[in-house]
Protein chains: 4
Amino acid sequence: MEQRTASRFGAGDERGAANLIDAAATLRGIAAAGNGRVVPLAMPILNNDRGAGVEMRAAPQHFMTRHGGDYAAGLPERAGYGFSDDVIMLPTHGATHIDALAHVWRDGTMYNGFRATDVTSRGAARCGIDKLGAVATRALFVDFGDDPDFAPDRAIHSADLEARIAAGGIAPEPGDALLIRTGWLRAWRAGAAGKNATAGLHHDCADWIVRSGIALVAADNIAVEVMPSRDPDCAMPLHIAVTRDNGVYLAELLDLEALASLAPRAVMLVIAPLAIKGGVGSPVTPVAIC
Amino acid sequence: MEQRTASRFGAGDERGAANLIDAAATLRGIAAAGNGRVVPLAMPILNNDRGAGVEMRAAPQHFMTRHGGDYAAGLPERAGYGFSDDVIMLPTHGATHIDALAHVWRDGTMYNGFRATDVTSRGAARCGIDKLGAVATRALFVDFGDDPDFAPDRAIHSADLEARIAAGGIAPEPGDALLIRTGWLRAWRAGAAGKNATAGLHHDCADWIVRSGIALVAADNIAVEVMPSRDPDCAMPLHIAVTRDNGVYLAELLDLEALASLAPRAVMLVIAPLAIKGGVGSPVTPVAIC
Amino acid sequence: MEQRTASRFGAGDERGAANLIDAAATLRGIAAAGNGRVVPLAMPILNNDRGAGVEMRAAPQHFMTRHGGDYAAGLPERAGYGFSDDVIMLPTHGATHIDALAHVWRDGTMYNGFRATDVTSRGAARCGIDKLGAVATRALFVDFGDDPDFAPDRAIHSADLEARIAAGGIAPEPGDALLIRTGWLRAWRAGAAGKNATAGLHHDCADWIVRSGIALVAADNIAVEVMPSRDPDCAMPLHIAVTRDNGVYLAELLDLEALASLAPRAVMLVIAPLAIKGGVGSPVTPVAIC
Amino acid sequence: MEQRTASRFGAGDERGAANLIDAAATLRGIAAAGNGRVVPLAMPILNNDRGAGVEMRAAPQHFMTRHGGDYAAGLPERAGYGFSDDVIMLPTHGATHIDALAHVWRDGTMYNGFRATDVTSRGAARCGIDKLGAVATRALFVDFGDDPDFAPDRAIHSADLEARIAAGGIAPEPGDALLIRTGWLRAWRAGAAGKNATAGLHHDCADWIVRSGIALVAADNIAVEVMPSRDPDCAMPLHIAVTRDNGVYLAELLDLEALASLAPRAVMLVIAPLAIKGGVGSPVTPVAIC
């Protein structure tokens, strides 16, 4: 897998396929939002619960630093005002989140030829999540959750993906996003799926994704792509092929159940990562409007 | 200040003025987004830096738990795949954020008659930020940053606010938001303002805000309202009058500088808090589209 | 269970049975240290591993904030000097630890009549771990690990405890500590014991402990006392009877395996909690010298 | 500065000068503890306060996860038992602490020829603080706090150190520790000293320290050694010369004020770091017994 010396977005670019999301893409998103229904797509962040996040990461910690109990215990309201405060600590990839381009690499090289060594204890000097800004574009909603071929560990091949998108009747345009419901999350919640074998995209989808100008792929599973990898030479071949080689963003652990009940073909999708300087991902609440 | 036994949104309601953001409001927002420009409104989250956040809160901590340095130090890429990971810890009110309705109370009572004691070390059992979902509505942009009366500690009275909105030519409708640029942030960055005396809304704005059906007020300062309080009987009178008494949301520490340069009269505003179960606020990257 | 209006150590006292550890007690400890062998008694603190700590608490998080990988990635040593840095986050009761007197209460009252409400989000205003200072005294080592009656969920009754101490031939004196090896930890590590049913002291030991002037009881289990409680009216009756009612300290999750192989009858025991202002416990590495 | 291919304690050794603390050293410590006075030497750990710790590190965070306020707010005691719980997060070098041998290096090499790259995001694979165990030995107390030459930024030269130890009348023996009161902490607390120019040992003390078989040097300042460095070629020359080149431990930010009032010539010193696997330092409460 060759690393281009410069990406299609130019030497030095750190935003990758977000560059494809121009005003026209945003306006396509707006056009898909015509009923004004707002659907948040995040899973709940629960104190000290790993939820669907992978085991190697820490559980979120939600600390209350002031609350009603303090006042009940005698703290006076100061000048007619009581308040609560809290602190949240969580792995940026442990809840519903978006990956920074700095999240993955191969052979020491990440997107656009930047070096893995640009990411240190000080954070990502290159391609951090703070470089993304915010995404507002059209997303095609692709639902494999009720597919006859559904399995909680299914590899969704490019042919499957293309066929279903064709059936939806909306041809993707550059800057569009994909919202993929694999059905894994629903199965996992029902106790019918684990975290090690998860339905997702086969890496043979990468070419079509890139060729179609998709800027972001989001899914209701751990890694967008099927796990374990079907590529013996690479543990995360889709990540490498789309994010590292082509600057396409991935967002994971979305809850698409409510959206599925609306069965939209396309939505306006807004994903606004926290502006963590040098972060390699961010927890988010993606929003679909349709 | 009387606490209603039930809010205008019904006994038991925990979403407050977010209920005003119906499909019509979202569609008004969409109508304001006509040029498709996407402007993120968050301040950067910097490791171990308090930034504009108040001193009593902790500085954000950004921990890298795996990065390129580990591979440089000898960690092999596993099956053609290297990655970085990180953890973020921050006070939910210490960066650009939105307050939950559970954030404030008076006389032991918060929005809709819920008790302050509903907020404990386990988080907010009532009116937590997870009850909000996501906001997507029209926001009127009101810029006092270049006002002839600008001062970094100015109290913006209702008359000022109403006059400027009238001058903008767009009458607010129920479910709209306000984006208020006080100019404090710019002054603070320039070293021309402190954190204890900050420009903001005088509490005499509360009636107009509520009467107009405003669902959310966001500003480029610490507390939306002017600090210190001009009300000798209440340290945060606007918070009490709008959030506690009427369920109106406040969002703070927004960076409105880039938006100001576009000088829109209205924008589509999307604010999607992290789904922190029982959280009393959430860091966010608000997004303006215009 | 009556709460004394003032403890045996005087109204206002916040150190409890630590007051019994006078110079004579410390010198008894010193006399037991005659062979100069130093045995640390802590379990390892492992990143993101709950170990033997109870499930409701968070796993320790060990964050490296600078390390050799950063230099390998290109960070230059500044003036002939490279260094690493780290941050530790852990529940104070989640690893080998000592309880503060502020850790437990009944009927809203903790040690010496102080109110549970003295412990708030600001920490323990009374009886925090910072009030203890450091313990250096004689500890009798009582090993039930190889007892013929051993069971990983055994309730050790006062008769058992007294008999074994009598067999050891050293009569406790005021200010002494007890190091109790129940054998639970060894069984737990071997997969032969769980966290819900743990060997430990029956609450009928409380009277003898208090009467003997024991200042601190430490054990190789989760709560010193047997779990679940044998008292239908109290979930932690030994905690209440010794700590709350009498100011006796408890230390938990000690690793006494190495010490057991030396089979001392008594040791010098040093426990020096972190000086966490208002902390309700502290991780420690207890040290036995014998 | 040559790096030995193997330390004086053998190839592969990870404990350094702690090897010098044999039973004889511990017994010397015990002999110095003859009056049984126990003096903790830690500075308080205060929530969200950097105290004397250096600015680049985070302030400790003390989170209460359950407390009396929760019960005041309505949480029932379960079966006659209420409790509080807390979490502590702090940089291991931000409060009174001991450095691991893995804390410093030069030219990519740390103690005993181990590589800086042995310290990664996973912690120190070599020479972590967990390798130390616990220190219990004799410490000579050397008080420059009332020296006629005292200055809050004084460089204490080897001649000064040797003279004062000679005046104390106790010749160091291998495995002994030094407790150095520079007076900086007292001056800093009085507002008469900063954090950038701190009294401490000149690096010309290194040879004497190593030659004397000192296992650990602890002081009431930020880095044991004088800051800024008097060596233009090295920012922390004493760290390099004693810790990196010779495995001698350094402990910093001790509060020696109470001990100074007792004016002992020697004490028993116990330092028991938390057993943080791979930690590069540990907060501690050192204990002097004299």
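Points to keep in mind about this one:
- Peptide A:234-243 - average C-beta neighbours from other chains (10 Å radius): 3
- In chain C, the DSSP-assigned H stretches of four residues or longer account for a calculated mean residue ellipticity at 222 nm of -4000 deg cm²/dmol, using -39500 (n - 2.57) per stretch and the full residue count as denominator.
- Here A:K195 is the anchor, and the aspartates and glutamates within straight C-alpha reach of less than 17 Å, apart from those fewer than 8 places off in the same chain, are A:D49, A:E55, A:D153, A:D220, A:E225, A:E252, A:D255.
- Pairs exceeding a 18 Å alpha-carbon distance, out of D:K131/D:K277; B:K131/B:K277; C:K131/C:K277; A:K277/B:K131: A:K277/B:K131.
- Most tightly packed first, judged by the mean number of other beta-carbon atoms within 10 Å of their residues, the peptides B:255-266, D:60-71, B:42-53 read D:60-71, B:42-53, B:255-266.
- A P(r) calculated from all alpha carbon pairs of the range B:6-53, with 5 Å bins opening at zero, reads 5, 14, 12, 11, 13, 13, 17, 12, 2 percent.
- Net charge of Cβ neighbours under 10 Å - reference D:G278; Lys, Arg +1; Asp, Glu -1: +1
- Fraction of C-alpha pairs exceeding 54 angstrom in the protein assembly as shown: 23 percent, rounded to a whole number.
- Between the beta carbons of B:A24 and D:S158, assuming R0 = 60 Å, the FRET efficiency works out to 0.15 to the nearest 0.05.
- Take each residue in D:265-276, count the other chain C-beta atoms within 10 Å of its C-beta, and the mean is 6.
- Counting every C-alpha pair in the range C:96-213, the share spaced more than 19 angstrom apart comes to 59%.
- Over all distinct Cα-Cα pairs of chain B, the Kirkwood formula returns a hydrodynamic radius of 19.6 Å.
- Shortest-first nm distances, B:D22 label point to equivalent points in other copies (7 Å, Cα→Cβ): 3.9, 7.9, 8.8
- Averaged over A:48-58, number of beta-carbon atoms from partner chains that fall within 10 Å: 3
- Across the protein chains, with a 1.4 Å probe defining accessible surface, the residues B:K277, D:K131 rank B:K277, D:K131 from largest area downward.
- On the beta carbon distance between C:D149 and C:R265, with R0 = 22 Å, the FRET formula returns roughly 0.65.
- Between this copy and the others, label points of B:P228 are 4.1, 5.5, 6.6 nm apart in ascending order, each placed 7 angstrom from Cα in the Cβ direction.
- For the rotational copy relationship between C and D, the axis lies nearest to a chain C beta carbon, identified with its distance in whole angstrom as C:M89, 2.
- Solvent-accessible area buried by D and C, counting both chains, probe 1.4 angstrom, square angstrom: 6000 Å²
- Distances between equivalent label points of C:V54 across the copies, with each point positioned 7 Å along Cα→Cβ, amount to 3.2, 3.5, 4.0 nm, shortest listed first.
- For the set B:L27, D:L75, solvent exposure ranked by accessible area (probe 1.4 Å, protein chains only) runs largest to smallest as B:L27, D:L75.
- Rounded to the nearest 10 Å², the accessible area of C:V284 at probe 1.4 Å: 10 Å²
- Heavy atoms of C:W188 accessible to a 1.4 Å probe, total area in Å² rounded to 10: 70 Å²
- Of the solvent-accessible surface of the range D:1-140, computed with a 1.4 Å probe and all protein chains present, 48% belongs to carbon and sulfur.
- The A:D49 and B:A166 beta-carbon pair, evaluated with R₀ = 35 Å, returns a calculated FRET efficiency of approximately 0.10.
- Using alpha-carbon coordinates, inclination of helix A:158-168 to the longest axis of chain A, degrees: 80 degrees
The values are calculated or read from the model by the stated rules, or taken from the named source; none is laboratory data. Keep in mind it's a predicted model, so treat the numbers as computed, not measured. As a convention, Cβ positions derive from the backbone with ideal geometry for all residues, glycine included, and neighbour counts pool all protein chains shown. For the accessible areas, the whole protein counts, side chains as well, though only heavy atoms, and no ligand, DNA or RNA atoms are used. Shrake-Rupley method; radii C 1.70, N 1.55, O 1.52, S 1.80 Å.
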